[in-house]
1. Which residues, counting only those in the stretch 1-28, are touching a residue at least 40 places away in the same chain (Cβ under 8 Å) and among the charged types (D, E, K, R)?
2. If we scan the stretch 113-125, do we find a residue that is modelled with pLDDT of 70 or more and within 15 Å of the chain's Cα centre (by Cα)?
3. Anything in the stretch 126-148 that is among the polar types (S, T, N, Q), modelled with pLDDT of 85 or more and more than 17 Å from the chain's Cα centre (by Cα)? List them, or say none.
4. Take Lys82 and tell me if it is within 15 Å of Gly24 (Cα to Cα) and either among the charged types (D, E, K, R) or in contact with a strand residue (DSSP E or B) (Cβ under 7 Å, 6 or more places away or on another chain) (or both).
5. Could you please find all residues in the stretch 48-73 being assigned to a loop (DSSP other than H, G, I, E, B) and either among the β-branched types (Val, Ile, Thr) or in contact with a Leu (Cβ under 9 Å, 6 or more places away or on another chain) (or both)?
6. Filter the stretch 1-45 down to the residues that are within 14 Å of the chain's Cα centre (by Cα) and in a loop (DSSP other than H, G, I, E, B), then identify the one that is modelled with the lowest pLDDT.
7. Against the condition of a type in the set (Phe, Trp, Tyr), under 28 Å from Asp154 (Cβ atoms) and buried (at least 16 other Cβ atoms within 10 Å of the Cβ), how does Phe30 come out, does it pass?
8. Determine, yes or no, whether Ala158 is among the aliphatic types (A, V, I, L, M), under 21 Å from Asn12 (Cα atoms) and either surrounded by 17 or more Cβ atoms within 10 Å (Cβ to Cβ) or modelled with pLDDT of 70 or more (or both).
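The values are calculated or read from the model by the stated rules, or taken from the named source; none is laboratory data. Everything numeric here is computed off the predicted structure, so don't read it as measured data. Heads up, the Cβs are rebuilt from the backbone with ideal geometry, glycines too, and the neighbour counts pull from every protein chain shown.
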Amino acid sequence: MRKLVEQYNNLNNSFKKTLVFRIGDSAGFFSEYNIMILAMLYCLQHKIRFVLYSKNANFKYKDGWTDYFEPFCESASCRIHKYLNVRNYKSEKINIRNINVAIWQLKRFLYIFFAKISKLFCWFLYTQDLWNYFFDKTVTEQEYDFPELTIKGDFIHACKRGKSHLYV
């Protein structure tokens, strides 16, 4: 397994563009995990370096991902991701009938606004910059071929990387 992590990092770190993916934002763990896998595949296919941010994950005990799992890529720790790295840029219409909901929606609107402004100055992509692409049907319909990771096959094969899908 360590060899695979090393091979993944060698390939991942060879890419110039960077995505800082925030895991543990607003869904259950397995939903978050599945989206992360989609994001990783998308990044590999489009030669984008994948960096994980989990410091404020909804499943964290102390540190986030490494509370439960071995690290597999570089981790971001900058607090900017807690506020500006969100799921998507969609903002709801503010509900003035419920003050708590209205305050939350106003905060979200401001975070999205500042995230868009920060894009003028930062060198990386936020999760929301590529969010819609992770769910595009082409992700599940294409063939994947990453010899460095011994991945060859369709979406299901690429996600599980089983024995029958390895290069021989």
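1. Matches in the stretch 1-28: Lys17, Arg22, Asp25.
2. Within the stretch 113-125, one or more residues are modelled with pLDDT of 70 or more and within 15 Å of the chain's Cα centre (by Cα).
3. Keep residues of the stretch 126-148 that are among the polar types (S, T, N, Q), which gives 127-128, 132, 138, 140, 142.
Cutting the leftovers down to modelled with pLDDT of 85 or more gives us 127-128, 132, 142.
Scanning the stretch 126-148 gives a single hit, Gln142.
4. Numbers: within 15 Å of Gly24 (Cα to Cα): yes; either among the charged types (D, E, K, R) or in contact with a strand residue (DSSP E or B) (Cβ under 7 Å, 6 or more places away or on another chain) (or both): yes.
Here the answer is yes, as Lys82 does meet what is asked.
5. Taking the stretch 48-73 as the starting set, the residues that turn out to be assigned to a loop (DSSP other than H, G, I, E, B) are 54-64, 68-73.
Residues satisfying the conditions are Gly64, Pro71, Phe72, Cys73.
6. Within the stretch 1-45, the match that is modelled with the lowest pLDDT is Ser26.
7. Values: of a type in the set (Phe, Trp, Tyr): yes; under 28 Å from Asp154 (Cβ atoms): yes; buried (at least 16 other Cβ atoms within 10 Å of the Cβ): no.
The answer is no for Phe30.
8. Details: among the aliphatic types (A, V, I, L, M): yes; under 21 Å from Asn12 (Cα atoms): yes; either surrounded by 17 or more Cβ atoms within 10 Å (Cβ to Cβ) or modelled with pLDDT of 70 or more (or both): yes.
Against the criterion (among the aliphatic types (A, V, I, L, M), under 21 Å from Asn12 (Cα atoms) and either surrounded by 17 or more Cβ atoms within 10 Å (Cβ to Cβ) or modelled with pLDDT of 70 or more (or both)), Ala158 qualifies.
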